[in-house]
Amino acid sequence: GIKKPFTEVIKANIGDAHAMGQRPITFLRQVVALCTYPNLLDSPSFPEDAKKRARRILQGCGGNSLGSYSASQGINCIREDVASYIERRDGGVPADPDNIYLTTGASDGIATILKILVSGGGKSRTGVMIPIPQYPLYSAVISELDAIQVNYYLDEENCWALDVNELRRSLNEAKTYCNPKVLCIINPGNPTGQVQNRKCIEDVIHFAWEEKLFLLADEVYQDNVYSEGCQFHSFKKILYEMGPEYYNNVELASFHSTSKGYMGECGYRGGYMEVLNLHPEIKGQLVKLLSVRLCPPVSGQAAMDIVVNPPVPGEESYSQFIKEKESVLNNLAKKAKLTEDMFNKVPGVHCNPLQGAMYAFPRIFIPSKAIEEAKAHKMAPDMFYCMKLLEETGICVVPGSGFGQREGSYHFRMTILPPVEKLKILLEKVKDFHIKFLEKYA
């Protein structure tokens, strides 16, 4: 009942595209609707290319129904479509459907593969190397599995680049208290928005090969690349191009999802992982582990199918599909630039270029008086800042301490998903708040 100085709370804290007003991709929803209610297959309201895909998916389902369990690895024809997609994406690098596992969003795949990899006790306990700042799923799963979190820092001064010297430092330090076996990469980055270049990926693969590390490539933002001169390269493709010594030896799991990209279908919980060079016996254990949870949501598998098998030129839905896809991605590119430019005009705020993904992770200056007050409230300084921002403007963002950051630096993560007009208002409000905050605590 208390009167607030704002009329609505703007939830810029989570990458939930549809909650922020993004419209669903028509074709994806048409196919899932047809699969869910097959009576619609007789309806003239649906295009033939959508019906064709729905029939194919339903034929892969027990009893021709989305309501049946699928194989624990996922519906066969969808895994075949994922393999074809990966081959197209990577310029003909072969992909085997048997290495593809459909998952409940990418998160489920990441948690499952980590479960298989974690073992030992004391100093032989598995260490998992994760980027700082990181996506908190990683620290949560590592903690849940009682594994050891091994931090490596991204280079903020160099647009959040990944430096192999830092990986080496982190690994060597960790060897004194655990057995580092897994290296996680998020590309494009969350929360940092950088896109790794080809040379960087080659260096990381060489490092993993040298140190016999299992690579986890979180590539859920592969469609979200905005900056000039930036391009998404999959770890699988670069691994293949580095030659058989690497391609046949480095263990790699890579992940994709329906939740991000231009689709933004978070609620369907669709995803896949491709796992390379897993020992056959371990692969057997992985399938057994997946069987325990029966199967990923079948409607999510159907949604994933449309991500990897969209309309192609010559099909009746193609022009509308491309128009919708490009509209979402061009809009995001515009918002990425707008956010970066606006933040960098504010005194005491620095924001690296948002090359990809859907977040800004600006660095904020917090005066010592504010740090003292935060301590008195038993709060991290950036948490104190974010709570003040919420109370005074209704804007909800996440403190950088939730993702990890270098000692003495402060950030927050904010999604760029709100519509352009709302985003402009949001950025203006953050700017005004920050200036007042500095004046108050200077």
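Any chance you could count how many residues in region 185-202 are in contact (Cβ under 8 Å) with a residue 40 or more places away in the chain and part of a helix (DSSP H, G or I)? Residues meeting the conditions: 2.
Screening the candidates LYS334, LYS369 for the property of being surrounded by fewer than 16 Cβ atoms within 10 Å (Cβ to Cβ), closer than 30 Å to LEU154 by Cα, of a type outside the set (Ser, Thr, Tyr) and under 24 Å from the mean Cα position of the chain (by Cα) yields one hit, LYS334. Annotation note: of ILE148, ILE75, the sole residue that is touching a Gly at 6+ places or on another chain (Cβ under 6 Å) and open to solvent by 30 Å² or more (accessible area, probe 1.4 Å) is ILE148. Looking across region 425-439, just one residue is among the β-branched types (Val, Ile, Thr) and either in contact with a helix residue (DSSP H, G or I) (Cβ under 9 Å, 6 or more places away or on another chain) or not assigned by the TED database to the domain that holds LYS345 (or both), and that is VAL430. For beta carbons closer than 9 Å, sequence separation of 6+ or different chains, a first residue in region 149-170 that is within 17 Å of CYS230 (Cβ to Cβ) and assigned by the TED database to the domain that holds VAL182 and a second that is assigned to a loop (DSSP other than H, G, I, E, B) and β-branched (Val, Ile, Thr), the qualifying pairs are LEU154/THR192; CYS159/THR192; TRP160/THR192. Return yes or no: is SER65 polar (S, T, N, Q) and either surrounded by 16 or more Cβ atoms within 10 Å (Cβ to Cβ) or free of Cβ contacts under 8 Å to residues at least 60 places away in the same chain (or both)? Yes; evaluated as a whole, the condition is true for this residue. Quick check: is even one residue across region 115-124 in contact with a helix residue (DSSP H, G or I) (Cβ under 7 Å, 6 or more places away or on another chain), open to solvent by less than 20 Å² (accessible area, probe 1.4 Å) and not aromatic (Phe, Trp, Tyr)? No.
Is it fair to say LEU114 is touching a Leu at 6+ places or on another chain (Cβ under 9 Å) and closer than 30 Å to GLY314 by Cα? No; evaluated as a whole, the condition is false for this residue. Looking only at residues that are aliphatic (A, V, I, L, M) and under 20 Å from GLU407 (Cβ atoms) in region 356-366, which one is nearest to the chain's Cα centre (by Cα)? So, considering only residues that are aliphatic (A, V, I, L, M) and under 20 Å from GLU407 (Cβ atoms), the one nearest to the chain's Cα centre (by Cα) is ILE364.
Residues that are in contact (Cβ under 8 Å) with a residue 40 or more places away in the chain and open to solvent by 30 Å² or more (accessible area, probe 1.4 Å) within region 86-98 comprise ARG89, GLY91, listed in sequence order. Region 209-302 holds strands (runs of 3 or more DSSP E) entirely within its bounds, and those carrying 3 or more residues that are of a type in the set (Gly, Ala, Ser) and either assigned by the TED database to the domain that holds PRO180 or open to solvent by 40 Å² or more (accessible area, probe 1.4 Å) (or both) map to 252-257.
Among the residues making up region 337-353, those that are closer than 16 Å to GLU156 by Cβ and either assigned to a helix (DSSP H, G or I) or open to solvent by 10 Å² or more (accessible area, probe 1.4 Å) (or both) are GLU340, PHE343, ASN344, GLY348, VAL349, HIS350, ASN352, PRO353.
For region 307-321, does any single residue satisfy the condition of being in contact (Cβ under 8 Å) with a residue 60 or more places away in the chain and within 30 Å of GLU428 (Cβ to Cβ)? Among the residues of region 307-321, not one is in contact (Cβ under 8 Å) with a residue 60 or more places away in the chain and within 30 Å of GLU428 (Cβ to Cβ), which makes the answer no.
Kindly check whether there is at least one residue in region 73-90 that is within 22 Å of ASP223 (Cα to Cα), outside any helix (DSSP H, G or I) and not β-branched (Val, Ile, Thr). Yes, some residue in region 73-90 is within 22 Å of ASP223 (Cα to Cα), outside any helix (DSSP H, G or I) and not β-branched (Val, Ile, Thr).
The values are calculated or read from the model by the stated rules, or taken from the named source; none is laboratory data. All of these numbers come straight from a predicted model, not from anything done at the bench. Don't worry about glycine lacking a Cβ; one is built from the backbone with ideal geometry, like all the others, and counts go over all protein chains shown. To get the accessible areas, we keep the full protein, side chains included, count just its heavy atoms, and leave off ligands, DNA and RNA. Shrake-Rupley method; radii C 1.70, N 1.55, O 1.52, S 1.80 Å.
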